[in-house]
1. Over chain B, calculate the relative contact order: mean separation of alpha carbon pairs under 8 Å at least 6 apart, over the residue count, as a percent.
2. Below 10 angstrom from the Cβ of B:PHE34, what's the summed charge of the other residues (Lys, Arg +1; Asp, Glu -1)?
3. Can you tell me, using C-alpha contacts under 8 Å and at least 6 residues apart, the relative contact order of chain A as a whole percent?
4. What would the Debye formula give as log10 I(q)/I(0) at q = 0.22, 0.25, 0.27 Å⁻¹ for the alpha-carbon point model of the stretch A:50-113, no solvent?
5. Between the stretch B:38-112 and the stretch A:51-86, how far is it from one alpha carbon centroid to the other, in angstrom?
6. Between the stretch A:1-26 and the stretch A:89-113, what's the alpha-carbon centroid distance in Å?
7. For chain A, what D do you get in µm² per second when you plug the Kirkwood radius from alpha-carbon pairs into Stokes-Einstein at 20 °C and 1.002 mPa s?
8. Mind giving me the nanometre distance, one decimal, between the label points for A:GLN106 and A:GLN22, set 7 Å out from Cα along Cα→Cβ?
Amino acid sequence: NAGVTQTPKFQVLKTGQSMTLQCAQDMNHNSMYWYRQDPGMGLRLIYYSASEGTTDKGEVPNGYNVSRLNKREFSLRLESAAPSQTSVYFCASSEGDWGTEAFFGQGTRLTVV
Amino acid sequence: AQSVSQHNHHVILSEAASLELGCNYSYGGTVNLFWYVQYPGQHLQLLLKYFSGDPLVKGIKGFEAEFIKSKFSFNLRKPSVQWSDTAEYFCAGYSGTYKYIFGTGTRLKVLA
């Protein structure tokens, strides 16, 4: 009963390096999300995927790309990391409909130096 | 909800005190609201949700929230907090376009 699984849990990058955050859910949810959490700013939506085969920008998409690989997996890529991308990243999934909640992964703490 | 705001950023209470955390949302037609809790170092977990029906919603761990349409509010309450309630609390709304909109969070510290 894993729910939403994110890897890695921690990562340190140098400015300009690239990396991909992986996310998988086993609840057969249609919609998946990537949020970043910064102190005092709550959770801000980076990208989301309403259903398999679709992706859309959220509130703060600049510097990120995503891939909905299949119904289970939704990855977030940083092509050229910047210190401003130091944050905690959460993946979430949901049925994507009224009355349904989002389920969250454990988070990835990313530091860009 | 098109936007969600939380006005209490930090709250400090003693054990057994009553808790009320404010949440306001902007009108967006159908209303679907949530409260999540994040314990230190952990992910967000659902406390309770409102979509329709009884505006007084009861959740886990003794929390409840009341949806007041006239005030655009969905405040979280607990009659008697415990040290283990120390956490960050987020109010959120579903926008109807597959997106969940979160408030900025309230950090609650309960003193033993």
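We did not get these values from a lab; they are worked out from the coordinates using the rules stated. Model, not experiment: these values are computed from the prediction. Neighbour counts run over all protein chains shown; Cβ positions are idealised from the backbone, glycine included.
1. Values: 296 pairs, mean separation 42.7, N = 112.
The normalised contact order for chain B reaches 38 percent.
2. On the way: positive: B:LYS49; negative: A:GLU101.
That works out to 0.
3. Details: 296 pairs, mean separation 40.0, N = 113.
Contact order relative to length: 35 percent.
4. -1.10, -1.30, -1.39
5. Each part's Cα centre sits 27 Å from the other's.
6. Spelled out, the Cα-based centre of one part sits 11 Å from the other.
7. Here the translational diffusion coefficient equals 154 µm²/s.
8. The answer from the label model is 1.4 nm.
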